[in-house]
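Below you'll find the structure, written out as structure tokens, and then a few comments.
The values are calculated or read from the model by the stated rules, or taken from the named source; none is laboratory data. Being a predicted model, the structure only gives us computed values, none of them experimental. All Cβ positions, glycine included, derive from the backbone under ideal geometry; neighbour counts span all protein chains shown. Note: accessible area is taken over every heavy atom of the protein model, side chains too, but ligands, DNA and RNA are not part of it. Shrake-Rupley method; radii C 1.70, N 1.55, O 1.52, S 1.80 Å.
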Amino acid sequence: MGRKVLLDKAHIEGIRYYDVYRKNGGYAAVEKALKMAPGDVVEEVKKSGLRGRGGAGFPTGMKWSFLAKPEGVPRYLVCNADESEPGTFKDRYLMEFLPHLLIEGLIVASWALGSNRTYIYIRGEYAWIVDILEQAIAEANQAGFLGKNILGTGFDCQIYVQRGAGAYICGEETALIESLEGKRGNPRIKPPFPAIKGLYDCPTVVNNVETLAAVVPIMNLGGEEYAKIGVGKSTGTKLISACGNINKPGVYEIDMTQSVEEFIFSDEYCGGIANGKRLKACIPGGSSVPILPANLLLKTAKGEQRMMTYESLADGGFPTGSMMGSGGFIVLDEDQCVVRHTLSLARFYRHESCGQCSPCREGTGWMEKILTKLEYGKGQMSDIDLLWDIQRKIEGNTICPLGDAAAWPVAAAIRHFRDEFEWHVTHPEEAQVRNFGLAHYADPLEVAVG
Amino acid sequence: MVFSEDKLQKVQEIIARYPEGKQKSALIPVLHLAQEANNGWLSPEVMDYVAGLLSIKPIEVYEVATFYSMYNMKLIGKYLFEVCQTGPCMLRGSDDIIAYIKEKLAIGVGETTTDGMFTLKTVECLGACGYAPMMQMGKFYKEHLTREKVDQIIEECRSNAALNN
Ligand SMILES: Cc1cc2nc3c(=O)[nH]c(=O)nc-3n(C[C@H](O)[C@H](O)[C@H](O)COP(=O)(O)O)c2cc1C
Ligand code: SF4
Ligand code: FES
């Protein structure tokens, strides 16, 4: 069994409410942190090795130490609860069941960064979670952990929940800031980075929900102890939201000592492929990261067991690896069509492009069109190369990484499943009535299933 | 449409969350309030009213309202079914759920039933992929959808509507 430090108390009845949370050790991290100098709290987080849980994996302590501190200018902490990456639903779980864990982490981080007004930007569809968070904030205010002169330190802090209104792009940190200022979610050109010029042109840190929640066990255990959990540079625990064709979809906390095979097939986690089917492919870190066929998912190209760590999931780079990303783990069984699935993701990115850069705006539209042709038996062999060409022209040529995020899934699908795309061209009628199924690339799986 | 006293007070509360002079930040939350108060959509008049409340130009409201997918730019049915169609939901049969709702209500995607009761929309991932297939109905999620569950939901909507009439 892996170690848990975030969801270890999730099963306790009533843990959503302040009294129960407090009785179970809640807010000890705030009490500890507020006795320390803010700079020392940042040091603890640095020592923990915590990496951002929003997708990019940037070291959190380092990000905090980049925050500019000009005299007389307010600084802001913004919690990114936009969670819109397909396959990802872990932040929702945390906020729904352990709202005080997030609030506690936010108070510690606000102290460390000197933020007196801290915002949680939450996707608009999570309307009922707004109520849960606002209740938790009211309780924390009542208990004196928020508001004026917290615990007699002279530190004032208030947390506000801001609802978005349906736009994946608002998860990108500069688009999020624009949205919080009451504008369209158009990403800004960087630099300047938010650490220098963010919300209202003031220094700002944007962190993911899970990142901020992890600050609580870091304070409680101490950075060094926290860093002992996990493997190598993948310190601590990670929440994985597992979905698709598995027996037990849900949110799991792993300490990154698990292999991918164990994660998919053991009863403690996904519980194997649903309906007795075989594993075909998986997108291990949210829709933007490369899809891997079963053989490359379970073992790296070097033939080593693939582990659920940042490093191992990325082993082999894009040619033979993928990424931890946001932890959105999407599993496809043998009956699924990779072309169709890729089309659905391409449609998503076309829908969510903000339209500022032409490679992204036009490219996502073209990719959707060509994939539609291929899926419905109207494609030609040259379309596959055209598709490859278009995704290459988007990657790296845009203001924000949504362009890359749209390009990578298409690239990986063609790279690993070209024969399936070609089959759609050579068998246009058959492709309308049945799926390609498993091919040679799934062979090693016989072992894993049996 | 004008806001009730309660809503006007709520608007003031929201504005107070931001620093002095940054009341434009209240735009997205206030548009949510306005949409609720206006039968689920934003007419030009409503958007102009919001602009007045926040002392910003109407164009600033229009450009935001049209950017975000949760704002409806035309009148919709009493119940809005927003079915997720993205990859993970598709893997668990969202195509079939969408087809079933279309057939059962005899409408296409983006259309409203002639009695003004139901509108069907498809949406992209709503963060419920592990509970797929799913749809959003108003403030809540309906998850693990099956044909039977869709029947039930439609039935409940109809009887609720009958009760309220
Ligand atoms: C298109 C796009 C969407 C994103 N969506 C999210 C999101 O929903 N939640 C999130 O935490 N980060 C998201 N990110 C990453 C953020 O820009 C940012 O890196 C993150 O909030 C930083 O927090 P962390 O360091 O704690 O991970 C997104 C990035 C891009 C380019
Ligand atoms: S890459 Fe796409 S989403 Fe990002 S700024 Fe450019 S057009 Fe907008
Ligand atoms: S794909 Fe439907 S909720 Fe995520």
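Nearest 5 is fine: what % of DSSP beta bridges in the protein assembly as shown come out antiparallel, could you say?
On the way: 25 of 52 bridges.
If we restrict to bridges inside the protein assembly as shown, about 50 percent are antiparallel.
Roughly how far apart, in whole Å, are the Cα centres of region B:52-82 and region A:226-305?
So the two Cα centres are separated by 40 Å.
Per-residue mean of other chain beta-carbon atoms within 10 angstrom of the beta-carbon, peptide B:15-21? Mind dumping the intermediate values first?
Working: counts 0, 2, 7, 9, 7, 0, 1.
Per residue, the number of nearby Cβ atoms from other chains is 4 on average.
For region A:169-309, with all protein chains present and a 1.4 Å probe, just round the carbon and sulfur fraction of the accessible area to a whole percent.
Working: 2100 of 4110 Å².
C and S atoms contribute 51 percent here.
Skip the ligands, DNA and RNA, and give the accessible area per residue of the protein assembly as shown with a 1.4 Å probe, whole Å². The partial results should precede the final answer.
Numbers: 23630 Å² over 615 residues.
Value for the protein assembly as shown: 38 Å² per residue.
If amide hydrogens are placed 1.01 Å from N in the peptide plane, which non-local residues have theirs closer than 5 Å to the one on A:Ile120?
A:Cys79, A:Tyr160, A:Val161, A:Gln162
Which of the residues in region A:246-278 show a loss of at least 30 Å² in accessible area from their chain by itself to the complete set of protein chains, at a probe of 1.4 Å?
A:Pro249
Give, as a single signed number, the net charge of other residues whose beta carbon lies under 14 Å from the beta carbon of B:Thr113, with Lys and Arg counted +1 and Asp and Glu -1.
Counting the neighbours of B:Thr113, the net charge comes to +2.
What full-extension length gain, to one decimal in nm, is calculated for A:Phe155 and A:Ser266 as 0.36 nm per residue of separation minus the Cα-Cα distance?
35.2 nm
Tally Lys and Arg at +1 and Asp and Glu at -1 over the other residues with C-beta under 12 Å from the C-beta of A:Val41: what net charge comes out? All intermediate terms of the calculation are to be shown ahead of the outcome.
Details: positive: A:Lys32, A:Lys35, A:Lys46, A:Lys47; negative: A:Asp40, A:Glu43, A:Glu44.
Result for the neighbourhood of A:Val41: +1.
If you bin every alpha carbon distance in chain A into 10 Å steps from zero, what whole percent lands in each bin?
Answer for chain A: a P(r) of 4, 21, 30, 25, 14, 5, 1, 0 percent.
Interface size between chain B and chain A, please: total buried accessible area, 1.4 Å probe, rounded to the nearest 100 Å².
Working: alone 9700 and 17900 Å², together 23630 Å².
About 4000 Å² of accessible surface is lost on pairing.
Roughly how many whole Å is it from the C-alpha centroid of region A:374-438 to that of region A:336-358?
11
Within straight cross-link reach of B:Lys10, meaning Cα distance under 24 Å, which lysines are found once same-chain residues fewer than 8 apart are removed?
The qualifying lysines are A:Lys148, A:Lys183, B:Lys22, B:Lys24, B:Lys57, B:Lys139.
Can you pull out the GluC sites (Glu not before Pro) in region B:1-99 whose DSSP state is coil and whose Cβ has at most 12 other Cβ atoms within 10 Å? All intermediate terms of the calculation are to be shown ahead of the outcome.
Numbers: sites: B:Glu5, B:Glu13, B:Glu20, B:Glu36, B:Glu45, B:Glu60, B:Glu63, B:Glu82; in loops: B:Glu20.
Those satisfying the criteria are B:Glu20.
Treat each spin label as a single point 7 Å out from the Cα along the C-beta direction, and report the A:Asn141 to A:Glu311 distance in nm.
Here the modelled spin labels are 4.7 nm apart.
Could you sort out which of B:Lys78/B:Lys102; A:Lys23/B:Lys142; A:Lys46/A:Lys197; A:Lys63/A:Lys299; A:Lys90/A:Lys373 sit more than 25 Å apart by Cα distance in this structure?
Pairs exceeding the cut-off: A:Lys23/B:Lys142; A:Lys63/A:Lys299; A:Lys90/A:Lys373.
Filter the GluC sites (Glu not before Pro) in region A:42-76 down to the DSSP loop ones having no more than 15 other Cβ atoms within 10 Å, then list what survives.
In loop regions of region A:42-76 (DSSP not H, G, I, E or B), the sparsely surrounded GluC sites (Glu not before Pro) are A:Glu71.
Only loop residues by DSSP count here, and only those with at most 15 other Cβ atoms within 10 Å; note down the chymotrypsin sites (Phe, Trp or Tyr not before Pro) in region A:348-406 that meet that.
Working: sites: A:Phe348, A:Tyr349, A:Trp366, A:Tyr376, A:Trp388; in loops: A:Tyr376.
Counting only loop positions with at most 15 other Cβ atoms within 10 Å, the chymotrypsin sites (Phe, Trp or Tyr not before Pro) in region A:348-406 are A:Tyr376.
Work out the mean other chain Cβ neighbour count within 10 Å for the residues of A:152-163 and drop it here as an integer.
For this peptide, the per-residue mean of nearby foreign Cβ atoms is 2.
Calculated FRET efficiency, A:Glu13 and A:Glu362, Cβ-Cβ r, R0 51 Å, to nearest 0.05?
For R0 = 51 Å, the calculated efficiency reads 0.45.
Once you mark the trypsin sites (Lys or Arg not before Pro) that are in a DSSP loop and have at most 14 other Cβ atoms within 10 Å, what is the longest gap between them in chain A?
So the longest stretch without any such site is A:36-147.
Averaged over peptide B:61-71, how many Cβ atoms belonging to another chain are found within 10 Å of each residue's Cβ? Each step should come with its number before you reach the end.
Working: counts 1, 0, 2, 6, 2, 1, 12, 9, 8, 9, 3.
Averaged over the peptide's residues, the number is 5.
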